[in-house]
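Encoded as structure tokens, the structure appears first; notes follow it.
The values are calculated or read from the model by the stated rules, or taken from the named source; none is laboratory data. Worth saying up front: this structure is predicted, and the values here are computed from it rather than measured. Cβ placement follows ideal geometry from the backbone for every residue including glycine, while neighbour counts extend to all protein chains displayed.
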Amino acid sequence: MLRLVLYQPDIPQNTGTMLRMAACLGLAVEIVEPAGFDVSDRHLRRSGLDYLDHVAITRHRSFAAFEAWRAEAGLRLVLATTAGALPHTEFAFRPDDCVMVGRESAGVPDSVHAAADARVVVPIRPGLRSLNVAVAAAMITGEALRQTGGFEPDRG
């Protein structure tokens, strides 16, 4: 299953938007703490509404804890970054990739960039900084699902 990884999210409304998207598209969500707000179920319910019952959320107390979990699971980390080396539409996604988005205020540190197996970017017009993190997450995970057949109806 494709996973959306939120690295130390800052803004509860963006997190709620991404959780709702993940529920609707069948993505698992990994939250790398610490977050810039309380990520308790009560607070997430306020931003994610009733969609939280439809998404698998795992919290990791740190990036090191996330990396240990990822290494054990043998999963690839694809970082969404404005410093990406490859447009997201040209990257070959796998169905079990972990697509990480950074903090709204600061992205991710160099150590996270170094740990990523790949770095992708959503191309935007010159002179503009970046998209909203939830919009970028939707575009990238949408492309990953398109490539891997994730939009196919469940035939089970």
Flag if Arg20 is crowded, with 19+ Cβ neighbours inside 10 Å, basic (Lys, Arg) and touching a Phe, Trp or Tyr at 6+ places or on another chain (Cβ under 7 Å)
yes
Matching entry among Ala106, Ala116, Ala144 (being over 14 Å from the mean Cα position of the chain (by Cα) and not polar (S, T, N, Q)):
Ala106
For a quick check of your reading of the model, give me the residue pairs whose first member lies in the stretch 7-20 and is among the β-branched types (Val, Ile, Thr), whose second is in a helix (DSSP H, G or I), with beta-carbon atoms closer than 7 Å and at least 6 apart or on different chains.
Thr15/Ser47; Thr17/Ala134
Residues of the stretch 83-101 being out of contact with any helix residue (DSSP H, G or I) (no Cβ under 8 Å at 6 or more places or on another chain) and either closer than 18 Å to Ile31 by Cβ or acidic (Asp, Glu) (or both), which ones?
Glu90, Asp96
Suppose the filter is among the acidic types (Asp, Glu), farther than 16 Å from Leu6 by Cα and crowded, with 19+ Cβ neighbours inside 10 Å; does Glu90 pass it?
no
Hits in the stretch 58-85 - residues which are more than 24 Å from Asp10 (Cβ to Cβ) and either at pLDDT below 95 or acidic (Asp, Glu) (or both):
Glu72, Ala85
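Quick one: is Val99 surrounded by 13 or more Cβ atoms within 10 Å (Cβ to Cβ), at pLDDT below 95 and closer than 17 Å to Ala144 by Cβ?
On the way: surrounded by 13 or more Cβ atoms within 10 Å (Cβ to Cβ): yes; at pLDDT below 95: no; closer than 17 Å to Ala144 by Cβ: yes.
In short, no.
How many residues does the stretch 103-128 hold that are of a type in the set (D, E, K, R) and surrounded by 12 or more Cβ atoms within 10 Å (Cβ to Cβ)?
So in the stretch 103-128, the residues of a type in the set (D, E, K, R) come out as 103-104, 110, 117, 119, 125.
Okay, now just the ones that are also surrounded by 12 or more Cβ atoms within 10 Å (Cβ to Cβ), so 103-104, 117, 119.
Residues flagged as of a type in the set (D, E, K, R) and surrounded by 12 or more Cβ atoms within 10 Å (Cβ to Cβ) within the stretch 103-128 amount to 4.
Do any strands (runs of 3 or more DSSP E) lying entirely in the stretch 22-134 carry at least 1 residues that are in contact (Cβ under 8 Å) with a residue 40 or more places away in the chain, and which ones are they? Give the derivation first.
Working: elements: 28-32, 57-60, 77-80, 98-101, 118-121.
Of the strands (runs of 3 or more DSSP E) lying wholly inside the stretch 22-134, those with at least 1 residues that are in contact (Cβ under 8 Å) with a residue 40 or more places away in the chain span 28-32, 77-80, 98-101, 118-121.
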